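Enquirer: Handing you this structure, nothing more for now.
The values are calculated or read from the model by the stated rules, or taken from the named source; none is laboratory data. None of the values given here were measured: they were computed from a predicted structure. For neighbour counting, all protein chains shown are included, and Cβ atoms are generated from backbone atoms with ideal geometry for every residue, glycine included.
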Amino acid sequence: MYGPRSWRVQPGEEFTFGRSKKCTVVLDAADRGLSRTAGSLQFREGTWWVHNDSHACLLFVTGDRGFRADLPPGLALPLQQWHAKLRLAGGQGNYTLLIRLPDDSDEPEPRPLTAVPTDSRAITSVRARPKLSDSDRLILAARFEKYLIWRYPGVATPCTAREAAERIGWGQHAVVKRCENIRERYARLGVPGLRGPRALEELATLLISTGELTAEDLQRLPARSSASAVPAPRHPATMALTSKLPTV
């Protein structure tokens, strides 16, 4: 269900959602913060799966029993609860689809399809990534080092500007200004969520989930003394799943 409309999907049928007019559910066609095909529902091995078909955006999944998952680009998740809510964050707002798993007693319902005209050739804004310099990556690795550590204890959070400055030998003000500059570069392209109190967390999620910042960037940081050595970095594919992601 999206807004006043509802669809009944049978196994084997294609069900997609995004801003493209080719999608089953057309979200805001003018919001280029959304991917052309943001996600899809597929039935296989006796289970319905939700797929994040975007190349750059997270898909937030919430179940009716309190289950919550932030699904990175390219991954899929089985839907095992009776009701589920899919939320997407676009440049002009949030979009929510309500999913109800089928029941044998369900009566057939109409499944109207709606096509909203849009130019699907337009480039999704979050895919137009700014080029990061070596010094950009150095600072980002210092600020988001905890996200990139395989055995970091506790919940990963961004390091403070002071901690990052001491880590790489920069001035604290220079670290703050460079991080603001990087964030603004993405925000000007229409990437949502990069302003406000959680801007750094959102930036970390974006960079890590899209593979723009990886464990290899930790090699840019100066070596620590043996007394303060950190565990070995983890594989990038694991980082996107275990890093702290934005709450729904």
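Enquirer: If you scan the stretch 126-155, which residues turn out to be at pLDDT below 90, surrounded by fewer than 21 Cβ atoms within 10 Å (Cβ to Cβ) and farther than 21 Å from Val191 by Cα?
Expert: So the first thing to find is which residues in the stretch 126-155 are at pLDDT below 90, and the list is 126-131, 146-155.
Keeping just the survivors that are surrounded by fewer than 21 Cβ atoms within 10 Å (Cβ to Cβ) gives 127-131, 146, 149-155.
Passing the criteria: Lys146, Ile149, Trp150, Arg151, Tyr152, Pro153, Gly154, Val155.
Enquirer: Please work out which one of (1) in a loop (DSSP other than H, G, I, E, B); (2) modelled with pLDDT of 80 or more; (3) touching a helix residue (DSSP H, G or I) at 6+ places or on another chain (Cβ under 8 Å) is the condition Ala223 fails and give its number.
Expert: (3)
Enquirer: When only residues in the stretch 7-43 that are surrounded by fewer than 16 Cβ atoms within 10 Å (Cβ to Cβ) and among the small types (Gly, Ala, Ser) count, which is farthest from Leu101 (Cα to Cα)?
Expert: Looking at the filtered set, the residue picked out is Ala30.
Enquirer: Please work out if Ala84 is surrounded by 11 or more Cβ atoms within 10 Å (Cβ to Cβ), modelled with pLDDT under 85 and not in a loop (DSSP other than H, G, I, E, B). Before you say what the answer is, go through the steps one by one.
Expert: Values: surrounded by 11 or more Cβ atoms within 10 Å (Cβ to Cβ): yes; modelled with pLDDT under 85: yes; not in a loop (DSSP other than H, G, I, E, B): yes.
Spelling it out, Ala84 is indeed surrounded by 11 or more Cβ atoms within 10 Å (Cβ to Cβ), modelled with pLDDT under 85 and not in a loop (DSSP other than H, G, I, E, B).
Enquirer: Yes or no: Gly33 free of Cβ contacts under 8 Å to residues at least 60 places away in the same chain, of a type outside the set (Ser, Thr, Tyr) and part of a loop (DSSP other than H, G, I, E, B)? Quick ask: steps written out before the conclusion?
Expert: Working: free of Cβ contacts under 8 Å to residues at least 60 places away in the same chain: no; of a type outside the set (Ser, Thr, Tyr): yes; part of a loop (DSSP other than H, G, I, E, B): yes.
The answer is no for Gly33.
Enquirer: Okay, next question. Gly66: out of contact with any helix residue (DSSP H, G or I) (no Cβ under 8 Å at 6 or more places or on another chain), part of a loop (DSSP other than H, G, I, E, B) and modelled with pLDDT under 85, yes or no?
Expert: Numbers: out of contact with any helix residue (DSSP H, G or I) (no Cβ under 8 Å at 6 or more places or on another chain): yes; part of a loop (DSSP other than H, G, I, E, B): yes; modelled with pLDDT under 85: yes.
For Gly66, the condition - out of contact with any helix residue (DSSP H, G or I) (no Cβ under 8 Å at 6 or more places or on another chain), part of a loop (DSSP other than H, G, I, E, B) and modelled with pLDDT under 85 - is met.
Enquirer: May I ask you to verify whether Trp49 is more than 25 Å from Gly211 (Cα to Cα) and of a type in the set (A, V, I, L, M, F, W, C)?
Expert: Values: more than 25 Å from Gly211 (Cα to Cα): no; of a type in the set (A, V, I, L, M, F, W, C): yes.
Here the answer is no, as Trp49 does not meet what is asked.
Enquirer: Would a scan of the stretch 196-205 turn up a residue that is within 26 Å of Ala89 (Cβ to Cβ), polar (S, T, N, Q) and modelled with pLDDT of 65 or more? Quick ask: steps written out before the conclusion?
Expert: If we filter the stretch 196-205 for residues that are within 26 Å of Ala89 (Cβ to Cβ), which is where we start, we get 196-205.
Narrowing further to those that are polar (S, T, N, Q): 205.
If we keep only those that are modelled with pLDDT of 65 or more too, we end up with 205.
Checked the stretch 196-205: at least one residue is within 26 Å of Ala89 (Cβ to Cβ), polar (S, T, N, Q) and modelled with pLDDT of 65 or more.
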